[in-house]
Amino acid sequence: AIDVTLPGLPLPAGGLHPINRVFEDLTAIYERMGYAVIEGPEVEDEHHNFEALNVPWYHPARDLQDTFWLEDGRLLRTHTSPMQVRYMVEHEPPLKIVVRGKVYRYEATDATHEAMFHQLEGLVVGDGISMADLKGTIAEMARGLYGPGAKVRFQPSYYPFVEPGADFAVWWENPRGESKWLELGGCGMVHPSVFKAVDDLREAAGKPRVYEGKTGFAFGLGPERIAMLKYGIPDIRYFYANDPRVLGQFRGEL
Ligand code: TYR
């Protein structure tokens, strides 16, 4: 006979992938600051991935991001920045968004490079948005990740879709006494050419031009770098090899 009152057998629990855990931490920080969290298509067209972001076909910056092309002429997005354009075409300012998702680069893999990885992209547009707002936002994110004493560093850099542009790093310390500058990502003030490209797309879709004269900042960063340090994962390829000996260590960490 079956005793239906016996307790059932426990089933093994799954867990969030470490990259999703980092995304959850990051998006919680930005939601507290009032940002909307969105996603977007991984298959993109040249116009959104490059042209509208002020990267014309002859621009040397195209070589920095080696692209997977599809047979129909579309591509796998090389960054989450095309979602800046897509979101602005659909929404009027003021706006505050973060975009989470996968990106693809055609390059040889090693311990710190994968052909597929993730980005978190931020975009804020309004009136009188300044570089000080950008710095304060990145600093707030760093405090959310690493506590009230977190330090951030900005260095001038170049991205065609911002001017001025910068790279940012966070001072990272762990209980084992290790510490270093963690190069996290790029950022800057949205380039007027991007606003113009957005208004051109809006006009073509029968929408009013509302972006020229606005100001805004944007940033992009890689959660893999945060997760590798946080969990002591030495090789980026461990994230996507689906080896249960690695991912099983995150079991039950829902
Ligand atoms: N898209 C850039 C990259 O993939 C990162 C970035 C994003 C830089 C937004 C600046 C910026 O405003 O490398």
| note | Put TRP171, TRP69 in order of accessible area, largest first, probe 1.4 Å, and you get TRP69, TRP171
| field | segment 40-116, accessible surface, carbon-and-sulfur percent (1.4 angstrom probe) | value | 53
| remark: Note, ALA108: beta-carbon cut-off 11 Å, +1 each Lys/Arg, -1 each Asp/Glu, net -3
| remark: Expected field for ASP25, accessible surface area in Å² at 1.4 Å probe radius, rounded to 10, holds 60
| said: With just the Cα atoms defining each centre, how far is segment 175-206 from segment 1-70? Give it in Å. | reply: 17
| query | So how much accessible area does ARG21 have, in Å² to the nearest 10, using a 1.4 Å probe? | reply | 50
| message | I need the semi-axes of the equivalent ellipsoid of segment 1-117: take the C-alpha gyration tensor, multiply each eigenvalue by 5, square-root it, list largest first in whole angstrom. | response | 38, 21, 14
| task | Could you estimate the translational diffusion coefficient of the chain from the Stokes-Einstein equation, with Rh from the Kirkwood formula over C-alpha pairs, at 10 °C and 1.306 mPa s, in whole µm²/s? | result | 80
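What part of the accessible area of segment 124-254, given as a whole %, is carbon or sulfur when the probe is 1.4 angstrom?
Within segment 124-254, the accessible surface is 53 percent carbon and sulfur.
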| query | Taking K and R as +1 and D and E as -1, what net charge do the other residues with C-beta under 10 Å from the C-beta of VAL190 add up to? | reply | 0
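Roughly speaking, what is the stretch gain from THR112 to HIS17, that is 0.36 nm per residue apart minus the C-alpha to C-alpha distance, in nm to one decimal?
Gain on stretching THR112 to HIS17: 32.4 nm.
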| query | Hey, got a sec? Which GluC sites (Glu not before Pro) in segment 208-254 land in a DSSP loop and have at most 11 other Cβ atoms within 10 Å? | reply | GLU212
| Solvent exposure, largest accessible area first (probe 1.4 Å, DNA, RNA and ligands not counted), of TRP172, TRP57 | TRP57, TRP172
| field | With DNA, RNA and ligands ignored, accessible area of TYR58 (1.4 Å probe; Å², nearest 10) | value | 150
| remark: GNM of the chain, Cα pairs under 10 angstrom: of GLY186, GLY147, GLY222, the biggest fluctuation goes to GLY147
| With axes computed from alpha carbons, what is the tilt in degrees of helix 18-32 against the longest principal axis of the chain, rounded to the nearest 10 within 0 to 90? | 50
| message | Using Cα springs under 10 Å in a Gaussian network model of the chain, which residue among LEU123, LEU75, LEU11 shows the largest mean-square fluctuation? | response | LEU11
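The values are calculated or read from the model by the stated rules, or taken from the named source; none is laboratory data. Here the structure is a predicted model, which is why all the values come from computation and not from measurement. Reconstructed Cβ throughout: ideal geometry from the backbone, glycine too, with neighbour counts over all protein chains shown. Side chains included, ligands, DNA and RNA excluded: accessible areas come from the protein's heavy atoms. Shrake-Rupley method; radii C 1.70, N 1.55, O 1.52, S 1.80 Å.
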